[in-house]
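Worksheet: the structure to be examined is printed underneath.
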């Protein structure tokens, strides 16, 4: 076969096996990345040997990482890089240094290496994490804008920068100290000169060039110019002794500051996805399944050591830089693998004689296994946190992390609007509300966004919007309305649920990141869910229909009907099985549980409106499986619970326990003649320090203490031996006359009554 045609065949084969492997992984509900790697193993030299030109495929695969990092640079921008510069430069540099130091010492003591140079080389390999794998996982989960996503990407950028330095120092490792020092200085000088040139080009060269390309109004010419720019800068960095990937990232950063950044990203994304697939398949080709099987125990042991070791290095470092324990744990788990650039170092080290062929294969096998495991680990992290929060001794440490970092001096006290997220949507919302004289409080955890709020004089709470304490500080329980405009779907769901714990009747409007989230957000208690793409379709339709002569009131009525039907007319058709799968995937990331309704449950035969589960117990019911096999996803208020139902519930461990008591009939179920009030205990109340068992007044009045909120925590159906404290909020439920009488009695004893929230 002709040489040039052979490359075309290999390229088609790689793309085909990637598509097949990715499809198989998707059907098995596994990360598609796993399918790409397995596809590469099948067609690679260690598999069926179908790929003949491995070097040429690897060369094309380098484009994948280059475009991946170029797109990351365009999205990341200097402003984004600046807000994590401390953890990037300080934390990233320390992580690399500590990993090299610990690895060198341990490997010398255990006898894995014969010289300090080999120990340093091994440490350099282990210090790098996978930019491509972590970035792809974060993008799939829409977590690049989260705190842990920004921390991981910041550290990964420094690791990629360090690769050029490592490659420069590698040949001098066996040389005298002054030779190593000269190699380091030369590499640093190159990096400094390149950085200065990149800044100058980003200011004076790139903007006019992109403006000239845009003036042609030719999509293909604009794309061609951007790709040439990206790869040209990448080749320049390679010539300077740095990596192609680092140059591509810097090229993206340079473009991120100009007005055509979004247009550039839109054009490059398809190229990025195709070539990134080639890269992951190429990594799969390097994996030798026979060697893995023959050395399985050793490789699994090395994987465990690497994972635990890097986790124990990264996690304390991130925590030491002032991030929450959750962010530190996520970063530690996310960066615990060995990166794809370690293949480059290992190959170079083998050619220099720093490692034997067997050690080289062990490094490749260990790296490959950690890359395969990373998507699974990141998917299991939410389940780990759900489990950790159920442990009484561990929960306080996790809760303590979710406190506000900073609060603006004068926050509104009552009837204000709370906006979670200060992106473009949040900024527009705040401006429109302030123009009408309404009080607004913004919650955000980005330092750059908080600085904008300081300069604009907008009241803010600096912290995680999905934290109960942060929302309580923002006064959600006293607010008029809440708007959630967060980019992370998981944070959006948690923010909504916890806000409604503080104020069950709060008016909430939520921006859905994905179409699949619309019904789930309604089920979690949102009053209104907005989907930007559907809203754009509605506004375009309104204009066009008005132009063809339809009466505006009729058009507005039809469009409002689409909104009231949760955009069902605009959403693509999905099978019941697909809806069920999406629902359970979403619930998996939250604290969810399937619960079998007891046969003697008093809830059987009641509608969800009558039971009012979210208000009474805090849980959200998002699916029902009937005894006959029928599944009801996103049940509405008229759905009747039946004996034998299995219920998919979302809630904390305390809320699920409260529901269990309610379902078993261990606590009273309210009827239409009962209502509930929140009552706050004042500091002078005589009931302070008394237990609920001692206060028989509740029993005499037939009033039940449904819940107690204390220090941001909820105690549903509290134990009778629980003592009351000043500042406690008591949810009292009972018949109106008795409840009113009890409230008046408590008020005369220095107890403040709060307005009724359910009748």
In segment 529-561, anything within 28 Å of residue 505 (Cβ to Cβ), within 23 Å of the chain's Cα centre (by Cα) and not in a loop (DSSP other than H, G, I, E, B) is listed as 529, 530, 532
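Residue-wise test of (1) modelled with pLDDT of 70 or more; (2) crowded, with 21+ Cβ neighbours inside 10 Å; (3) within 25 Å of the chain's Cα centre (by Cα).
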| residue | (1), (2), (3) |
| --- | --- |
| 26 | yes, no, yes |
| 42 | yes, no, no |
| 45 | yes, no, no |
| 49 | yes, no, no |
| 55 | yes, no, no |
| 64 | yes, yes, yes |
| 68 | yes, yes, yes |
| 74 | yes, yes, yes |
| 78 | no, no, yes |
Within segment 628-643, can you find the residues that are in a loop (DSSP other than H, G, I, E, B), at pLDDT 85 or above, more than 19 Å from residue 493 (Cα to Cα) and in contact with a strand residue (DSSP E or B) (Cβ under 8 Å, 6 or more places away or on another chain)? 638, 639, 641
Exactly one condition in (1) at pLDDT 85 or above; (2) more than 19 Å from residue 148 (Cβ to Cβ) is false for residue 502; which is it? (1)
Within segment 505-517, track down each residue that is touching a strand residue (DSSP E or B) at 6+ places or on another chain (Cβ under 6 Å) and modelled with pLDDT under 85. 505
Take the conditions without any contact (Cβ under 8 Å) to a residue 24 or more places away in the chain, farther than 19 Å from residue 45 by Cβ and in the same structural domain as residue 40 (by TED's automatic domain parsing) and apply them to residue 349. Does it pass? no
Selection from segment 519-540 of residues that are without any contact (Cβ under 8 Å) to a residue 60 or more places away in the chain and over 18 Å from residue 420 (Cβ atoms): 533, 534, 535, 536, 537, 538, 539, 540
For segment 481-499, check the following and say yes or no: at least one residue is surrounded by fewer than 23 Cβ atoms within 10 Å (Cβ to Cβ), over 20 Å from the mean Cα position of the chain (by Cα) and more than 17 Å from residue 650 (Cβ to Cβ). yes
Assess whether residue 331 counts as being within 30 Å of residue 711 (Cβ to Cβ), at pLDDT 85 or above and either assigned to a helix (DSSP H, G or I) or out of contact with any helix residue (DSSP H, G or I) (no Cβ under 7 Å at 6 or more places or on another chain) (or both). yes
Can you tell me which residues in segment 679-706 are modelled with pLDDT of 80 or more and surrounded by 15 or more Cβ atoms within 10 Å (Cβ to Cβ)? 688, 692, 705
Show me the helices (runs of 4 or more DSSP H) entirely contained within segment 82-200 in which 3 or more residues are modelled with pLDDT of 80 or more and farther than 30 Å from residue 350 by Cβ. 147-169
Single unsatisfied condition, residue 588 versus (1) at pLDDT below 85; (2) surrounded by 15 or more Cβ atoms within 10 Å (Cβ to Cβ): (2)
Return a yes/no flag: does segment 512-525 have any residue that is surrounded by 12 or more Cβ atoms within 10 Å (Cβ to Cβ), outside any helix (DSSP H, G or I) and more than 23 Å from the chain's Cα centre (by Cα). no
Within segment 520-549, work out how many residues are under 12 Å from residue 562 (Cβ atoms) and out of contact with any strand residue (DSSP E or B) (no Cβ under 9 Å at 6 or more places or on another chain). 7
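The values are calculated or read from the model by the stated rules, or taken from the named source; none is laboratory data. Model, not experiment: these values are computed from the prediction. We place every Cβ from the backbone using ideal geometry, glycine too, and count neighbours over all the protein chains shown.
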